[in-house]
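The values are calculated or read from the model by the stated rules, or taken from the named source; none is laboratory data. Keep in mind that what you see is a predicted model, and the values were worked out from it rather than measured. Every residue, glycine as well, gets a Cβ built from its backbone with ideal geometry; the counts of neighbours run over all protein chains shown.
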Amino acid sequence: MSTLQQIKSGVSQAWDTLVEGWQQLYRRAANAITRFTSGEAGEEEQQELALRSAGWGMLPAEVFDDDEKVVVRIEAPGMEGADFDIQVVENYLVVSGQKKVEREKTEGRYHVLERAYGRFERAIPLPEEVVSDEATAKYRRGVLEVVLPKSSASRRRKIEVKVN
């Protein structure tokens, strides 16, 4: 094989590896990527910043369940507990809210603006049926945690085998 063919083969293998890595990253993060839309009309300066912001943001989540409950944790820094609206719709936990603009009151301009502001909504599939009326939620250190008790039909129960 000539040197040129070896280089072409090496570049092709490197490209394939890069594409595969991006595809894996996309598959893992696709659900966490959330669209932020400009919210209500507010101060002109805040509205302009919201419009110029990234528009897309990450709200990564984890869903855990045990015999009694489903626990969903969502990373959503820079918010307050009252900023969230949480509902169970069919087999989804729907979390929506508004991330408000936080801006220093100094002269100058932004050079990098990657944070997303505005209204968002994220629907997370639930692995089991839950009792939404008994759900609880708390927000601490930028993480929203929602605990949803499983419905009695979905709860796992170990059945002991009796020996005669």
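Is it the case that region 129-137 has a residue that's β-branched (Val, Ile, Thr), at pLDDT below 95 and within 15 Å of the chain's Cα centre (by Cα)? No: region 129-137 contains no residue that is β-branched (Val, Ile, Thr), at pLDDT below 95 and within 15 Å of the chain's Cα centre (by Cα). Within region 70-91, being β-branched (Val, Ile, Thr) and more than 27 Å from Arg115 (Cα to Cα) holds for Val70, Val88, Val89.
Quick check: is even one residue across region 112-119 at pLDDT 75 or above, in contact with a strand residue (DSSP E or B) (Cβ under 9 Å, 6 or more places away or on another chain) and loosely packed, with under 14 Cβ neighbours inside 10 Å? Checking region 112-119: not a single residue is at pLDDT 75 or above, in contact with a strand residue (DSSP E or B) (Cβ under 9 Å, 6 or more places away or on another chain) and loosely packed, with under 14 Cβ neighbours inside 10 Å. Put simply, of Glu90, Glu134 the only residue that is surrounded by fewer than 17 Cβ atoms within 10 Å (Cβ to Cβ), assigned by TED's automatic domain parsing to the domain that holds Gly57 and either touching a Leu at 6+ places or on another chain (Cβ under 6 Å) or on the phi > 0 side of the Ramachandran plot (or both) is Glu90. Of the residues in region 122-131, none is touching an Asp or Glu at 6+ places or on another chain (Cβ under 8 Å) and among the aliphatic types (A, V, I, L, M).
Restricting to region 114-151, and then to whatever is without any contact (Cβ under 8 Å) to a residue 12 or more places away in the chain and part of a strand (DSSP E or B), can you tell me which residue is farthest from Val101 (Cα to Cα)? My answer is Thr136.
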